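Asker: Following this message is one structure expressed as structure tokens.
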Amino acid sequence: MKSTEEWNRLTFSYSRTPLRFVAHYANGRWDEGGLTEKSEVVINESAGVLQYAQTCFEGLKAYTAKDGRIVCFRPDLNARRLADSARALEIPVFPEDKFLEAVKKVVAANREFVPPYGSEASLYLRPTLFATGPVLGVKPAAEYEFRIFCSPVGAYFQNGIHPLTLKVADSDRAAPHGTGHVKAGLNYAMSMRAGVQAHAAGFDENLYLDSATRTFVEETGGANVIFITKDGKFVTPHSTTILPSITRRSLEYVAEHLLGMSVEERPVRLSEAADFAECGLCGTAAVISPVLKINDHGKEIVFPDGETSPVLMKLRETLTGIQRGETEAPEGWIFPVE
Ligand code: PLP
Ligand code: COI
């Protein structure tokens, strides 16, 4: 049994756990699937996932709640978003009820890797859906695999309490009418080069703008963006080309209904970013990570309350309190695993 300090030393990286859930699609149907120890995937060299990136994925976490139960946070929304991603990529949808059963099976089978209540770590689940059938011409494959594996993880940003610095990206992650609103692997492949360049230049992440006009704030490679105005309003960019973050949608509810804040989801120009008091990134991996600065090609936008980000910290505390069973959750948000 690891100590809380050992759990807290975990980084956001893959470590193999004993069991994962795997199901296969062939001849027009999904099989029952089941748990397996095999973490390696053997596929044909011409598999659709390898040739044409026909793959999508999800990310969610399991926690030990205050009362000792192991719970997941709104996995029904991950099931639905994976179905949306699958449809966008001509992948057969994995049934949403079966997705939830598989989540339960994987967490229960790897329960000793769920960090204890009180640690900052969690068990990250990575549902993945990909084309295994061979293709040569550009068309959807005939065979697919659905897999959920899990890995205990710590914080996504290894900067401790230091707020982040973002760089306005020179490239785009999503085209208008493209795949930005779904969790397609190809969106992340698109962001690799800009990500490596941003890190090499000392930035934590890229901030992507809308690719049509390059004037509106979209999101980063792995998280949505939220702003807090000087008079305490919650503002988040509205765009059809960003991923509908489950964390962000939950925070909008928390801000409005639990903290009595006013919430606006609307297009946000980069030119108005300097007017906000706080800025943060939110997502399953990122939780809520405060941002101190955005660097727009040498011009710095510094958030005046960025060092302490008191409103974002209150939101973070409320959300993590709900996730860990310290604060009463809105109906249906907490999914007990056993
Ligand atoms: N935006 C992108 C591009 C992401 O990859 C993620 C991660 O899933 C998010 C936002 C945050 O979404 P969620 O809160 O559902 O994890
Ligand atoms: C998540 O937050 O679950 C993500 O998928 C973001 C990133 C790790 C890709």
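The values are calculated or read from the model by the stated rules, or taken from the named source; none is laboratory data. Because the structure is a prediction, the values reported are computed rather than measured. As a convention, Cβ positions derive from the backbone with ideal geometry for all residues, glycine included, and neighbour counts pool all protein chains shown. Accessible surface areas use protein heavy atoms only, side chains included; no ligands, DNA or RNA. Shrake-Rupley method; radii C 1.70, N 1.55, O 1.52, S 1.80 Å.
Asker: Just how large is the dipole of the range 62-153 about the Cα centre, in debye to the nearest 20, putting +1 at every Lys and Arg Cβ and -1 at every Asp and Glu Cβ?
Answerer: Numbers: 13 positive and 11 negative charges, 21 e Å.
Magnitude of the dipole: close to 100 debye.
Asker: Quick check: from the Cα gyration tensor, does the range 92-235 come out rounded (a/c under 1.5), prolate or oblate?
Answerer: The shape class here is oblate.
Asker: Here is a further query. Leaving ligands, DNA and RNA out of it, report the carbon-plus-sulfur percent of the accessible area of the range 106-186 at a 1.4 Å probe.
Answerer: Of all accessible area on the range 106-186, carbon and sulfur atoms account for 59 percent.
Asker: Let me ask something additional. With the cut-off at 1.5 for a/c, could you classify the range 256-338 from its C-alpha gyration tensor as rounded, prolate or oblate?
Answerer: Prolate shape, in that a/c is at least 1.5 and a/b is the bigger ratio.
Asker: OK, next. For n ≥ 4 DSSP H runs only, could you compute -39500 (n - 2.57) per run for the chain, divide by its residues and tell me the 222 nm figure to the nearest 500?
Answerer: Details: 7 runs with 76 residues, N = 338.
The per-residue figure over the chain is -7000 deg cm²/dmol.
Asker: I would also like to ask the following. For the chain, what does the convex hull of the Cα positions come to per residue, in cubic angstrom?
Answerer: 133 Å³
Asker: Also, I was wondering about something else. Determine the sum of side-chain charges near residue 44: Lys and Arg each +1, Asp and Glu each -1, restricted to other residues whose C-beta is under 13 angstrom from that of residue 44.
Answerer: -3
Asker: Order 284-296, 177-189 from most to least packed using the mean count of other Cβ atoms within 10 Å.
Answerer: Those peptides, ordered most packed to least, come out 284-296, 177-189.
Asker: About its Cα centre, what dipole magnitude does the chain give when the only charges are +1 on Lys and Arg Cβ and -1 on Asp and Glu Cβ, stated in debye to the nearest 20? Don't skip to the answer; put the middle values down first.
Answerer: Working: 36 positive and 43 negative charges, 95 e Å.
Result for the chain is approximately 460 debye, rounded to the nearest 20.
Asker: Moving to a separate point now. Any chance you could check the Cα centroid distance between the range 44-60 and the range 113-164 for me, in angstrom?
Answerer: So the separation of the two Cα centres works out to 13 Å.
Asker: With 5 Å bins from zero, work out the P(r) of the range 1-106 over every alpha carbon pair and list the percent per bin.
Answerer: 2, 9, 15, 21, 22, 15, 8, 5, 3, 1
Asker: OK, next. What does the accessible area per residue of the chain come to in Å², with a 1.4 Å probe and no ligands, DNA or RNA counted?
Answerer: Averaged over the residues of the chain, the accessible area is 46 Å².
Asker: Which of 38/139; 293/314; 2/167; 183/314 have a Cα-Cα distance over 31 Å?
Answerer: Over 31 Å Cα-Cα: 2/167.
Asker: Can you give me the solvent accessible area of residue 13 with a 1.4 Å probe, rounded to the nearest 10 Å²?
Answerer: Surface open to solvent at residue 13 totals about 60 Å².
Asker: Return the carbon/sulfur percentage of the accessible area of the range 248-319, one whole number, probe 1.4 Å, all protein chains in place.
Answerer: Taking all protein chains in place, the range 248-319 shows 49 percent carbon and sulfur surface.
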